[in-house]
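Since the structure comes first, as structure tokens, the remarks are kept for the end.
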Amino acid sequence: MKQLTILQAIQSKETFSPDVCNKENIGLEIQDFTEVNLFQENFADSLNYYLQVREKIRGPFAIHGAFIDLKPYSYDRAIQEASMFKYRMSLNMAVLLGADYLVFHSQINPFVQSSLLMDLDRKENKRVFHTLMEEFSSFKGYLLLENVYEDDPRRLRDLVDAIDHPRVQVNLDLGHARLSKKFSLDQWFDILGDRIRYSHVHWNNGEIDQHMPPGPEERIEILSLFQRHGLNVPLSLEYFPRDILKEVALFQEAIDQGGLDYVL
């Protein structure tokens, strides 16, 4: 039996549930530090709050890093510098809070189809992420790249392989992958394989990104996909539930009803 680990994802400290602290198989992903102008304003209250809470959390701790309008591999130096400032501030938060995972968006532009440009982007990404991981050597967790707009999982696979760093891996966002018109969820798992070290769980109608909770059958489908592909990674519930213990119970029902090889 594999231990299933679930994280409560929250967008602000006001929605933190103390129940997260009660079990080793429940963790926390905070998204307070994604606010677009946060690092130009006062973020001390949020940081101090999580510094006090951090030692109480027995499960994994994750931070969603800045992502809006960023392109750290840009050839425009001003855009690159602004992006790198946000990436460095996110990494500072990860170090201060002892994060196990830091999530960044892949920043892949699916409309770029030039093999020359894609190759240049991958080379620049390798330089950027090796520089960051060397600069923030005190960060001991995984830096995860999340699929967002890309319709083809091969783009993310090739990016992570080009970066070629053991702690730069994939956060598979199931809701975003479900919007793909070319590849099924099963194919996303096939192609990304063991690069997947973490997953955002939410659901949609297959047309727009809705961040809805999965239903009973979808929970069984999700867990079955991970089991079938031999993956046992933390699942961060990015439909932002307030009652985390209720969600854990619903996943336990899915395990029982699906006859799955997990324990909570």
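The values are calculated or read from the model by the stated rules, or taken from the named source; none is laboratory data. Every value quoted in this text rests on a predicted model; they were computed, and no experiment measured them. Because the Cβ atoms are built from the backbone with ideal geometry, glycine has one as well, and the counts that use them run over all protein chains shown. These area figures cover heavy atoms from the full protein model, side chains too; ligands, DNA and RNA do not enter into them. Shrake-Rupley method; radii C 1.70, N 1.55, O 1.52, S 1.80 Å.
Using a Gaussian network model of the chain whose springs link C-alpha atoms within less than 10 Å, name the residue from SER137, SER114, SER180 with the highest mean-square fluctuation.
Taking springs between Cα atoms under 10 Å, the residue moving most is SER114.
In whole angstrom, how far apart do the alpha carbon centroids of the stretch 231-250 and the stretch 58-100 sit?
Cα centres, the stretch 231-250 to the stretch 58-100: 24 Å.
For the pair HIS211 and GLN252, how long in nm is the line joining their label points, each one 7 Å along Cα→Cβ?
Using points 7 Å along Cα→Cβ, the separation is 2.8 nm.
Below 18 Å, Cα to Cα, which lysines can LYS246 reach? Residues fewer than 8 away in the same chain don't count.
LYS23
How would GLU221, GLU124, GLU238 line up by accessible area, probe 1.4 Å, largest first?
GLU221, GLU124, GLU238
Please compute the Kirkwood hydrodynamic radius of the stretch 132-194 from all pairs of different C-alpha atoms, in Å with one decimal.
After inverting the pairwise mean of 1/r, the radius is 12.4 Å.
Using a cut-off of 11 Å between beta-carbons, work out the net charge of the residues near LEU245 (Lys and Arg +1, Asp and Glu -1, LEU245 not included).
0
Run the simple label-point estimate for GLU134 and LYS2 please: 7 Å along Cα→C-beta, distance reported in nm.
My value for the distance between the label points is 3.5 nm.
Where in the chain are the helices, taken as whole DSSP H runs, whose Cα atoms extend 27 angstrom or more along the long axis and whose Kyte-Doolittle mean reaches at least 0.0?
Once both thresholds are applied, what remains is 77-96.
Using a Cα-Cα cut-off of under 30 Å, which lysines could be cross-linked to LYS123, ignoring same-chain neighbours fewer than 8 residues away?
LYS71, LYS86, LYS140, LYS181, LYS182
Quote the charge dipole size of the stretch 181-243 about the Cα centre in Debye, to the nearest 20; the model charges only the Cβ of Lys and Arg (+1) and of Asp and Glu (-1).
200
Rounded, prolate or oblate for the chain? Axes are the square roots of the Cα gyration tensor eigenvalues, ordered a ≥ b ≥ c, and the cut-off for rounded is a/c under 1.5.
Oblate shape, in that a/c is at least 1.5 and b/c is the bigger or equal ratio.
What percent do you get for the relative contact order of the stretch 1-107 when only Cα pairs under 8 Å and 6+ apart count?
26 percent.
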